[in-house]
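Peer 1: Once you've had a glance at the structure underneath, I'll fire off some questions.
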Amino acid sequence: MTSLFSPRVSRTCLSLAAAGVLLGASLSAQAATWRGWNVHPDGYPNSLALKSFAEEVAKTTDGRVEPKVYNNGVLGDQPDAIEQARSGALDFGNFNMGPMGPVVPETDVLSLPFLFKNVEQMYRVMDGDIGKRFAAALAEKNLIALSWFGSGARSFYDTKRPIETPDDVKGLKLRVMNNDLYVQMVDALGGNATPMAYSEVFQSLKTGVIDGAENNFPSFESSNHYEVAKYYSLTEHLIIPECLCVAKSSWEALSDADQRAVRTAAENAAQEQRQLWAERVAKSRAIVEKAGVKINQVKDKAAFQQRMEPIYQAFTDKHPELASLIEEIRQTP
């Protein structure tokens, strides 16, 4: 009878053990759990599309990549999340281009008011060669843009009156996101721009600290701002794309085949998000109209656009290398 401690059996056991260690290391190297950032709540169009992205990636990579999306901004606010993704602490995220400017100055172009004709034109721009140029700029900052989401058209809403001409903005205290371009936009219309955290807007509208704000229909409705601001004017002054971006370090760790699978899943997620967004806009608009909000279509947007020319001039004076890009976007049919 051969002892378990005989040299032959010991060598066999050691060989099997070594093989197990190597196999375990191989599986560990192939499998990666990705953490993803998303500011939106469960059930929001972006959140649903990101869920589909995660499921498709896990399936098409045979579990080598297992994305997990953290909604509601629980992993930090967007500026923090961008930095985490750039450093590789986060693997991916759905980022709006509005706050991206401090990291990627070229993306400030996308925050210029009245840059795009409408949402569909924005999609055509971002899906084409111009979108690839923005993606290249993001890649230089360690963010790989795989596809472009929409966030609708932002319009003004307030507690005082409909906004039909630029002069109707005069004297209104309007909350804007913390970006100099948005402050300049309201100032150019004669209003008083008030940068403020989004969470403070409802109470500020209710107490009269501000007269209004600007946002898309889903945000206007889901935040309950429509309960206190009864005028929504379709200026559609900002149409800002969002990216589904992957950390460069996470991207480069993938095989070519898995990179293709992840990119395809991101492109599919973008198409789903756009469709879901359009449906949500219609639903949100119906809700606020039923609640008594007076919605007016701005008939002469050119009058608003003319007030923006000094902003464009100052921007191109500061960034002359971006002047041709702005013109290309404006000329895209």
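Peer 1: For residue 238, list long-range residues whose amide hydrogen, built 1.01 Å from N in the peptide plane, is under 5 Å from its own amide hydrogen.
Peer 2: Here 114, 154 satisfy the definition.
Peer 1: Does segment 187-333 come out rounded, prolate or oblate, given a ≥ b ≥ c as the square roots of the eigenvalues of its C-alpha gyration tensor, rounded meaning a/c under 1.5 and, failing that, prolate meaning a/b above b/c?
Peer 2: Cα axes put segment 187-333 in the oblate bin.
Peer 1: Apply the Karplus curve 6.51 cos²θ - 1.76 cosθ + 1.60, θ = phi - 60°, to the phi angles in segment 171-188 and return the couplings in whole Hz, x for Gly and Pro.
Peer 2: Rounded to whole hertz, the list is x, 6, 8, 10, 6, 10, 5, 7, 8, 4, 5, 6, 5, 4, 4, 5, 4, 5.
Peer 1: Within 10 Å of each residue's Cβ, count the other Cβ atoms and sort 133, 263, 154 from fewest upward.
Peer 2: 133, 263, 154
Peer 1: For Cα extents along the principal axes in Å, which listed value, (1) 77, 38, 34; (2) 100, 44, 30; (3) 55, 49, 44, comes from the coordinates shown?
Peer 2: Recomputing Cα extents along the principal axes in Å here gives the entry labelled (2).
Peer 1: Karplus couplings for segment 295-309 from phi (6.51 cos²θ - 1.76 cosθ + 1.60, θ = phi - 60°), rounded to Hz, Gly and Pro as x?
Peer 2: 9, 10, 7, 6, 7, 10, 5, 4, 5, 5, 4, 4, 5, 8, 4
Peer 1: Another question, if that's okay. Can you sort 169, 228 so the residue with the fewest Cβ neighbours within 10 Å comes first?
Peer 2: Working: 169 26, 228 18.
Starting with the residue having the fewest Cβ neighbours, the order is 228, 169.
Peer 1: When the chain is modelled as a GNM with alpha-carbon springs shorter than 10 Å, which of 242, 267, 252 fluctuates the most?
Peer 2: So, out of 242, 267, 252, the one fluctuating most is 252.
Peer 1: So who's got an amide H within less than 5 Å of the one on residue 32, skipping anything under 5 residues away but keeping other chains? H placed 1.01 Å off N, in plane.
Peer 2: Long-range HN contacts for residue 32: 65, 66.
Peer 1: I'd like the Kirkwood hydrodynamic radius of segment 120-268, using the inverse of the mean 1/r over distinct C-alpha pairs, in Å. Mind showing how you got there, number by number?
Peer 2: Numbers: mean 1/r = 0.0577 Å⁻¹.
By the Kirkwood definition, the hydrodynamic radius is 17.3 Å.
Peer 1: Need the full-extension length gain, residue 180 to residue 331, defined as separation in residues times 0.36 nm minus the C-alpha distance. One decimal, nm. Please list the in-between numbers first.
Peer 2: On the way: separation 151, 0.36 × 151 = 54.36 nm, distance 2.51 nm.
Residue separation times 0.36 nm, minus the Cα-Cα distance, leaves 51.9 nm.
Peer 1: Rounded to the nearest 0.05, what FRET efficiency do residue 62 and residue 89 give with R0 = 30 Å and r taken as the Cβ-Cβ distance? Could you check?
Peer 2: Working: r = 26 Å, r/R0 = 0.86.
E(calc), rounded to 0.05, equals 0.70.
Peer 1: Give the order of 50, 276 when sorted by the count of other beta carbons within 10 angstrom, beginning with the fewest.
Peer 2: Numbers: 50 28, 276 18.
Lowest to highest Cβ neighbour count: 276, 50.
Peer 1: Using the structure shown, list the pairs from 117/206; 68/290; 117/318; 141/283; 248/283 with a Cα-Cα distance above 31 Å, or answer none. Walk me through the numbers before you get to the answer.
Peer 2: Values: 117/206 33 Å; 68/290 37 Å; 117/318 24 Å; 141/283 37 Å; 248/283 37 Å.
The pairs that break the limit, which is 31 Å between Cα atoms, are 117/206; 68/290; 141/283; 248/283.
Peer 1: Output wanted: per-residue J couplings in Hz (rounded whole) for segment 70-77, from phi through Karplus 6.51 cos²θ - 1.76 cosθ + 1.60, θ = phi - 60°, x for Gly and Pro.
Peer 2: In residue order, the calculated couplings are 10, 7, 6, x, 5, 9, x, 7 Hz.
Just so you know, all these numbers are worked out from the coordinates, no wet-lab data involved. Treat the numbers as computed from the prediction; the structure is a model and nothing was measured. Heads up, the Cβs are rebuilt from the backbone with ideal geometry, glycines too, and the neighbour counts pull from every protein chain shown.
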